[in-house]
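Asks: The structure that follows is given in the form of structure tokens.
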Amino acid sequence: MKKRLPISTIEDEWLDWYRLTPAQRWKETQKLWAFFIALGGSLDPEPDSQSPFNSAYLRRPSSAHGRPGLHIIRRSRV
Amino acid sequence: MGGQACILYGAAEFSRDTDIVILADELNLRRLRRALASLKAECIAVPPLALKWLRKGHAVHFRCHLPGTENIRLDVMAKLRNAPSFNKLWKRRTTVAVAAGASYELVSLPDLVQIKKTQRDKDWLMQRRLVEAHYFSRPRRPGAAQLNFWLNELRTPELLVDLAKKYPQRTARVARRRPLLAQALRGDELALQAALKKEEEVERIADRIYWAPLKKELERLRHE
């Protein structure tokens, strides 16, 4: 008896991305890059306990609001 | 290689750094140092840039401070697990034009797929998407090389079952090298998923073993 997975493992939102050409993807990623930088996104390496390079970094630069990434303008109480 | 190559191959949308593989010899290292100087690159981790570390398999990590580079990180390696020598990587490379006058030399897709077989969850996700992206951008009539690549490297159960249905004889041949394809021939996606997980675990363990002495060396360098 054939046993199918309960749901597909193919992520539909990726299918459109797969069908772009490399040049098209490059153009889109440049937009994402500009947006990320404009929002103050951090380019520091994310701590990754699985990465063999994790122990290579001498120190992690401190960042605004105690964590890397975005400048928070408003937040909930949580 | 790395995230930027994954974007161009369709496996990622965004990457915060750039990873390159270089030929580790004296002349090339001098050229690299000049290029890094022009980027105002600062070494931000251990080890420092030296042939001995690159040839051992370490990565050297930089941050570029030239205005316009936005402090992007650059990681340099010369030796990678599951990859052949730089000269072979270079011969097999893919050149991608992204705009008029702008092109990049990428590690070939088959080589990158092997390089991504590491101990990290995120690399396995990239590996899966690399092959999926190649599969979904396929021509109507894939050739033998493409079929063999998919049968050897796909990690998506339903795609393997689909291929096994369309190409049972080829799948049976490749199954001699990749036994889990027998599950694809049976159409058993559940068993296939479990077998893929076991296949992945073997590579993860091998990667941990490979990196163990290098990680010890990094710890020692870090505390010197």
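The values are calculated or read from the model by the stated rules, or taken from the named source; none is laboratory data. Predicted, not measured: the structure shown is a model, and the values here were computed from it. Every residue, glycine as well, gets a Cβ built from its backbone with ideal geometry; the counts of neighbours run over all protein chains shown.
Asks: Hey, could you check segment A:1-27 for residues that are within 7 Å of chain B (Cβ to nearest Cβ) and within 30 Å of B:Pro67 (Cα to Cα) and say which is surrounded by the fewest Cβ atoms within 10 Å (Cβ to Cβ)?
Replies: If we take residues in segment A:1-27 being within 7 Å of chain B (Cβ to nearest Cβ) and within 30 Å of B:Pro67 (Cα to Cα), then A:Ala23 is surrounded by the fewest Cβ atoms within 10 Å (Cβ to Cβ).
Asks: As an exercise: evaluate B:Ile72 against (1) within 11 Å of chain A (Cβ to nearest Cβ); (2) under 26 Å from B:Ile209 (Cα atoms) and give the number of the one condition it does not meet.
Replies: Among (1) within 11 Å of chain A (Cβ to nearest Cβ); (2) under 26 Å from B:Ile209 (Cα atoms), the lone unmet condition for B:Ile72 is (2).
Asks: Moving on. Could you give me the residue pairs with C-beta distances under 9 Å whose first residue belongs to segment B:162-175 and is free of Cβ contacts under 8 Å to residues at least 40 places away in the same chain, whose second residue is not in a helix (DSSP H, G or I) wherever it lies, and which are 6+ apart or on separate chains?
Replies: Cβ pairs passing all conditions: B:Leu163/B:Leu154; B:Ala164/B:Ala175; B:Ala164/B:Gly187; B:Lys165/B:Gly187.
Asks: Select from segment B:170-192 the residues that are under 26 Å from the mean Cα position of the chain (by Cα) and among the aliphatic types (A, V, I, L, M) and write down the one among them that is farthest from the other protein chains (Cβ to nearest Cβ).
Replies: Checking each candidate, the answer is B:Val174.
Asks: Which condition from (1) surrounded by fewer than 22 Cβ atoms within 10 Å (Cβ to Cβ); (2) touching a Ser or Thr at 6+ places or on another chain (Cβ under 8 Å); (3) hydrophobic (A, V, I, L, M, F, W, C) is the one that B:Leu181 breaks?
Replies: (1)
Asks: Return the residues of segment B:193-207 that are within 12 Å of chain A (Cβ to nearest Cβ) and in contact with a Lys or Arg (Cβ under 9 Å, 6 or more places away or on another chain); say none if nothing qualifies.
Replies: Passing the criteria: B:Leu196, B:Arg204, B:Asp207.
Asks: Residue under question is B:Ala83, and the condition is that it be more than 11 Å from chain A (Cβ to nearest Cβ), of a type outside the set (Asp, Glu) and closer than 30 Å to B:Arg186 by Cα; does it hold?
Replies: no
Asks: Kindly indicate the residue of segment B:15-49 that is surrounded by 17 or more Cβ atoms within 10 Å (Cβ to Cβ) and within 10 Å of chain A (Cβ to nearest Cβ) and also nearest to A:Leu20 (Cα to Cα) among those meeting that condition.
Replies: Across segment B:15-49, the extreme among qualifying residues is B:Ser15.
Asks: Under 6 Å between Cβ atoms, at least 6 apart or on separate chains: pull out the pairs that start in segment A:6-20 with a residue that is basic (Lys, Arg) and end on any residue that is in a helix (DSSP H, G or I) and surrounded by 14 or more Cβ atoms within 10 Å (Cβ to Cβ).
Replies: Partner pairs satisfying both residue conditions: none exist.
Asks: Name the one entry in B:Arg93, B:Arg73, B:Arg63, B:Arg55 that is loosely packed, with under 15 Cβ neighbours inside 10 Å, in the same structural domain as B:Leu27 (by TED's automatic domain parsing) and under 22 Å from the mean Cα position of the chain (by Cα).
Replies: B:Arg55
Asks: Moving on. Any residue at all in segment B:201-218 that's among the aliphatic types (A, V, I, L, M), within 24 Å of A:Trp14 (Cβ to Cβ) and surrounded by 13 or more Cβ atoms within 10 Å (Cβ to Cβ)?
Replies: No, segment B:201-218 contains no residue that is among the aliphatic types (A, V, I, L, M), within 24 Å of A:Trp14 (Cβ to Cβ) and surrounded by 13 or more Cβ atoms within 10 Å (Cβ to Cβ).
Asks: How about segment B:6-42: which of its residues are in contact (Cβ under 8 Å) with a residue 40 or more places away in the chain and more than 16 Å from B:Ile72 (Cα to Cα)?
Replies: Selection gives B:Cys6, B:Leu8, B:Tyr9, B:Gly10, B:Ala11, B:Ala12, B:Val21, B:Ile22, B:Leu23, B:Ala24, B:Leu32.
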